[in-house]
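Input: a single structure, listed below in structure tokens.
The values are calculated or read from the model by the stated rules, or taken from the named source; none is laboratory data. Note that the structure is predicted; figures quoted are calculated from it, not measured. For neighbour counting, all protein chains shown are included, and Cβ atoms are generated from backbone atoms with ideal geometry for every residue, glycine included. We work out accessible area using only protein heavy atoms, side chains counted, and drop any ligands, DNA or RNA first. Shrake-Rupley method; radii C 1.70, N 1.55, O 1.52, S 1.80 Å.
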Amino acid sequence: MIGDQVTYEIHRLNFGSVTIDESMRLRGIAPGHVIDVPAQGFLVLGGPGPVLVDAGYRDTAVLGAGGSVGPGQTFEEQLAAHDVAPGDLSCVIMTHLHRDHAGHLDKVPLDVPVIVNRSELGNACTGIQGRAYALDDLHHLLDRVYTPGAIQFLDLEQSGPQEVLPGIVCHLSGGHTPGSIGIVVPTSEGEAYLCGDLFYDVEGALHSQPTGTFTAGVQPSALVVSDPALSNNFTTSVVEEIGAIKRALKYRFILPAHDDPGVLESGRYIGRIEGPVVPGPITPVKTDR
Ligand SMILES: [Zn+2]
């Protein structure tokens, strides 16, 4: 608690790795080198009941280039490590519904609501990104649509930000996919922004940017805000993606699904949290990066 405001701890869950081409993380990286990144969810504790944000992938077969689920990384095991069973969850909030995020929703009882931005499910069902959304995940979500109480829709484009639990506010992201959302969670050390796939590499996006050469002889970083580096995986426009990232810079912590949480101070990236919980110890950015 800070004053009357409830604060939360955010625990990182790892539902297995996803193999991607490294060039997906940042524009400008040459393709042809594959890496494994974690498919993370987050367990938000400190409120009336545990809240899950995102739910990994159902099976490596749905992934484009594969992945692997290591020991202790099943959906049930990741929750059980915090003494939580799927039926104990207050709700599951989805940043978006891609195949590496919506995979285990069918393991959550139907009386636990899944909170989804309506346009994200609508877009997914048009096939606009093909197999980036898994057919079985969409089947399950449609089962929820036809089961009273099993799904709760946000309409963030129309409503503006929505508080879904005390202090936890969902915002339209504006990046990654048109229906993606970001979830703001108050912690004892500032607000955390659970941003889905708006970032794949927070440090690369925010730290290694050239500061530009706006005016000869004048230190440009004092004059302009550098554009962030973008990922190679978004279906919004470039300007929308840049805007979505800039809106994220006001938060203390940025928690992407496939990278360590980033830490910001006055809008500047200062380091990452490599440990399992946010807030937690900060590893400062290397100044020579
Ligand atoms: Zn993802």
Exercise for the section: Take Leu63 and decide whether it is open to solvent by less than 20 Å² (accessible area, probe 1.4 Å) and either modelled with pLDDT under 95 or more than 16 Å from the ligand (Cβ to nearest atom) (or both). Expected result: yes
Handout entry: Among (1) surrounded by 21 or more Cβ atoms within 10 Å (Cβ to Cβ); (2) at pLDDT below 95; (3) within 16 Å of the ligand (Cβ to nearest atom), the one test that Asn233 misses
Key = (1)
Fill in the blank from the handout: Requiring at least 1 residues that are within 16 Å of the ligand (Cβ to nearest atom) and open to solvent by less than 10 Å² (accessible area, probe 1.4 Å), the helices (runs of 4 or more DSSP H) wholly within the range 85-165 are 118-125, 135-145
Exercise for the section: Examine the range 72-80 for a residue that is closer than 22 Å to Ser173 by Cβ and within 16 Å of the ligand (Cβ to nearest atom), and state whether such a residue exists. Expected result: no
Handout entry: Subset of the range 176-200 that is farther than 19 Å from Arg252 by Cβ and within 13 Å of the ligand (Cβ to nearest atom) - its residue that is nearest to the chain's Cα centre (by Cα)
Key = Asp197
Completion exercise
A careful count of residues in the range 248-277 that are within 16 Å of Pro38 (Cβ to Cβ), open to solvent by 30 Å² or more (accessible area, probe 1.4 Å) and in a strand (DSSP E or B) gives 2
Practice task
Take the residues in the range 201-230 that are in a loop (DSSP other than H, G, I, E, B) and within 16 Å of the ligand (Cβ to nearest atom), then tell me which one is modelled with the highest pLDDT.
Solution key: Asp201
